Structures are given as structure tokens and as C-alpha cells.
Amino acid sequence: MLQLKGSTWQPALMRNTRIYTNQPLASNTLLHLEQGSARHIVRVLRMHKGDQITLFNGMGGEYIAKVTQLDKSSVILKIGDFCDQSVESSLNIELVQAISRGERMDITIQKAVELGVNKIQPLFTSRCNVKLSGDRLIKKLTHWQKIAVSACEQCGRNRVPEVCHPLDIIQWTERSDGSSNGVLLNPVSGKSCRDMPAMDNISLLVGPEGGLTDTEISAAATCGFTSVRLGPRILRTETAALAMIATVQALWGDFG
């Protein structure tokens, strides 16, 4: 495919296909890719023998790999050189997020990973209106972790943030040691992020659509969370989370 640039035609840049695997990686070895990723390469990306991809397993860095064999559901790769590539933020961010319904939680996790969070702790709160338990809870947690992996594949991260097992907010506050640099989004607070001291690690607590109860806010305050607001408008929970991450990245992280 050719692309016009200036007054001359030049080859268009090929997209860098990045694939996560939970297998050990080493140069000059063969790897049988997991079935799901193999099917994606064959059926969606329609790659061929000799095509190149980038592999990572969450341990840091990435490897160049080449397709050596493939069929409808199987792909074998020859792993090449290692690259100690990292795009991790200098600001360590934990997102503590009240669980929202359907795609809103999916979008929050996806975009939070793209924005650089290191850990996501889903919470059940009094007003979150989401009921999950047993097999449904495990299935949903697996789904959320896959979203985090896919976001890393897309945005170039080589370390996959953990999506932790969901907890009740009071249970979560009881487990906290109170040592975190915690920020709670609260639209009635008189403080903004600019009033906070510079940080190199931070926990962001975002409530559900109906907001946190007074009891939940007090429990978070006991754990060291300071209430701040993002401006005069009331934001949806997924908007608030992403706006807050972008704000702290701009203030103390790698946005700028």
C-alpha cells in the first residue's frame, strides 16, 4: 500500500501487531501461541508465514517474533531479539473504582490502562446497583483482566495492570493500612488536585453514578483519602475516573 507524502509516493507504515502471552519468552526459541491469540492472528489480522509481531508477557520488555507456521487455529512463532522497551508512567496509580453497569466498567478499565494506571481495584458500594457473586463474579473478573491485556497490546505497555478481586467498600477500607496517598472524587469538596502536594504514588477512589454514602466517605477518610473535586460539573463515573487519571498524570506523571 502506498501513501502520498508531500509530492512523492512512499510506502505506508505497517501497523505493529503486539500480542500478549503468559508463557516464558526467550530469544531463539519456538513458541506455540495460545489458541485465542492464534485465531486472532489468522482470522482477524489474516497474517501469513514470515510476518512479524511483537510479543510480551508482562515481565517487562518485549520480543520481536516471526510467524513460522500457521493454520486455522494454530500459530508457531520464532522468537527473536529482546527489546527493553518501557512506556510505564513515573507516577504509580491505583484506580479504586465502584463497579458500574455493562460497557461503562469495560470502558473505564480499558482507558485507565491506556492512561497508565498500575492497578485496578473494583468495589461494591451501596449505590453501585451491580450484583455479582460466584461463577458470575469470576467470569466478570476474567473478562476485565482480558480487557486490561488488550489495552496493553494496543497502547504499547509491556506490564499488565492487575484487576483485583472485587471487594465491598467497607471491607476494603478495613484492609487498608491508611498509608496510601488517597484522593476521593467528591463534587462538594472545596479542594482541587492543585491543592494536593506532589506525589509519586496515588490511589484514586471513584464512586458509582449515585455517589458514595456519607458512611463510605467517612470510611475512606479514615484510610487517609482526601476529598477533591474536578470542577463545577457533575461527571459520570467513567468520565470522572478517566478525567482524574489524566489530571494527576499531567500534574505529577508523564503527561506534558
Fill in the blank from the handout: With a ≥ b ≥ c from the Cα gyration tensor eigenvalues, square-rooted, and the rule rounded for a/c under 1.5, otherwise prolate when a/b > b/c and oblate otherwise, the stretch 157-201 is oblate
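How much length would be gained if the chain were fully extended between Leu45 and Arg159, taking 0.36 nm per residue of separation minus their Cα-Cα distance, in nm to one decimal? Please list the in-between numbers first.
Numbers: separation 114, 0.36 × 114 = 41.04 nm, distance 2.33 nm.
In short, 38.7 nm is gained.
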Exercise for the section: Identify which of Thr108, Thr215, Thr226 has the largest mean-square fluctuation in a Gaussian network model of the chain, with springs joining Cα atoms closer than 10 Å. Expected result: Thr215
Exercise for the section: Take the alpha carbon atoms of the stretch 215-231, find their center, do the same for the stretch 74-92, and report the distance between the two centers in whole angstrom. Expected result: 37
Practice task
May I ask you to list the residues of the stretch 190-231 whose amide nitrogen lies under 16 Å from a point 7 Å from Cα along the Cα→beta-carbon direction of Ile107?
Solution key: 208-210
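Calculate the FRET efficiency for Lys139 and Arg194 from the Cβ-Cβ distance with a Förster distance of 51 Å, rounded to the nearest 0.05. Intermediate values should be presented prior to the final figure.
Values: r = 41 Å, r/R0 = 0.81.
Plugging the Cβ-Cβ distance into 1/(1 + (r/R0)^6) gives 0.80.
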Problem - Where Cα atoms sit under 20 Å apart: lysine pairs in the chain separated by 8 or more or lying on different chains - result: 12
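Assuming a ≥ b ≥ c are the square roots of the Cα gyration tensor eigenvalues, decide whether the chain counts as rounded (a/c under 1.5), prolate (otherwise, with a/b larger than b/c) or oblate.
In terms of gyration-tensor shape, prolate.
Starting from the Cα gyration tensor of the stretch 158-256, take the square roots of the eigenvalues, sort them a ≥ b ≥ c, and report rounded, prolate or oblate (rounded when a/c is under 1.5, otherwise prolate if a/b is larger than b/c, else oblate).
Details: a/c = 1.37, a/b = 1.12, b/c = 1.23.
Rounded shape, in that the Cα axes give a/c under 1.5.
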Practice task
Place a label point 7 angstrom from the Cα of Asp254 along the Cα-to-Cβ direction, then list the residues of the stretch 29-65 whose backbone nitrogen is under 12 Å away.
Solution key: 61
Fill in the blank from the handout: Applying the span-like rule to the chain (DSSP H, Cα extent along axis at least 30 Å, Kyte-Doolittle mean at least 1.6) gives none
Practice task
Considering only Asn22, Asn92, Asn201, give the residue with the highest GNM mean-square fluctuation for the chain, with springs between Cα atoms whenever their separation is below 10 Å.
Solution key: Asn22
Practice task
Calculate the length of the line joining the C-alpha centroid of the stretch 117-134 to that of the stretch 135-164, in whole Å.
Solution key: 15
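We did not get these values from a lab; they are worked out from the coordinates using the rules stated. Model, not experiment: these values are computed from the prediction. Because the Cβ atoms are built from the backbone with ideal geometry, glycine has one as well, and the counts that use them run over all protein chains shown.
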